[in-house]
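For reference, the structure is listed below as structure tokens.
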Amino acid sequence: MTADLPPTPAPSPGPAFGVLGKRRSDAGWTEWRPALLVLIGSAVLGVAAAGFWLWLAPRVPLVATSDHLVYMQDAEGEQTVGQDGVFVLVTAAFGLLCGAAVVAWKRRGGVALVLALALGGVAGAVVCWQLGMVWGPGDNIAAAAKAAGLNHPFPAPFRLQATVALLVWPIGALVSNLALTAGFGPRDEVPAVFVPTGGVTPGEWQR
């Protein structure tokens, strides 16, 4: 006769599932933390972009006449279009730089970083737009005309006529990031293929 062995207690699944859940949570935060930094950094760069926009964009000259009306000094001028054009160039440059910087920082990329570049680009463009209007010539045209005097030009407030230009920054960032990731990103390893040798006929290999 053999002695009965005591039953082996089953392992408790509680701690194992707890550790697994914690690891998944930590992995998710590790993936989204760089994306959050990219989003905030892009919005902060909008401040610098606003400074470049104000520095490079042409002013739209206005003039007040004796009939207490304000007109554009050059009705056929292209200063208004020039302001939009400079905004597009500045935000495109910042978008391309943001996309390249993310590739240099995180070459492997990921969905989270791509989303952060897109949303951060929109945020940076909006910050540039709003700060440009705040830092530019004031909105009180009547006071500016009175200070300048009759028939003396003064700058009009900054305006962005084509709001679709706000998409230039995120598009530039995504194009730059995807192009550089495709060209210089890490490559996936090709799995090795086992090829049997010796004693195998072509017919057997096909079967």
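The values are calculated or read from the model by the stated rules, or taken from the named source; none is laboratory data. Please read these numbers as outputs of a predicted model, since none were measured by experiment. With ideal geometry, Cβ positions are generated from the backbone for all residues, glycine too; neighbour counts draw on all protein chains shown. Remember, those area values only see protein heavy atoms, side chains included, never the ligands or the DNA or RNA. Shrake-Rupley method; radii C 1.70, N 1.55, O 1.52, S 1.80 Å.
The 3J(HN,Hα) values that the Karplus relation (6.51, -1.76, 1.60; θ = phi - 60°) gives for segment 169-183 are, in residue order, 4, x, 5, x, 5, 5, 4, 5, 5, 5, 5, 6, 5, 5, x Hz. Gly and Pro appear as x. In the context of the full set of protein chains, segment 123-176 has a per residue accessible area of 52 Å² (1.4 Å probe). In a fully extended conformation the segment linking Ile141 and Leu69 would gain 24.9 nm over its present Cα-Cα distance, using 0.36 nm per residue. The trypsin sites (Lys or Arg not before Pro) found in segment 103-172 that occupy coil by DSSP, while having at most 11 further C-beta atoms within 10 Å, are Arg108. Expressed as a whole percent, the accessible surface of segment 109-150 that belongs to carbon and sulfur atoms is 74, based on a 1.4 Å probe.
Between Leu36 and Leu178, the modelled label-to-label distance comes to 2.8 nm, taking each label 7 Å out from Cα in the direction of the beta carbon.
The HN-Hα couplings worked out from phi for segment 123-129 by the Karplus form 6.51 cos²θ - 1.76 cosθ + 1.60 (θ = phi - 60°) are 4, x, 5, 5, 4, 4, 5 Hz, whole numbers, x standing for Gly and Pro.
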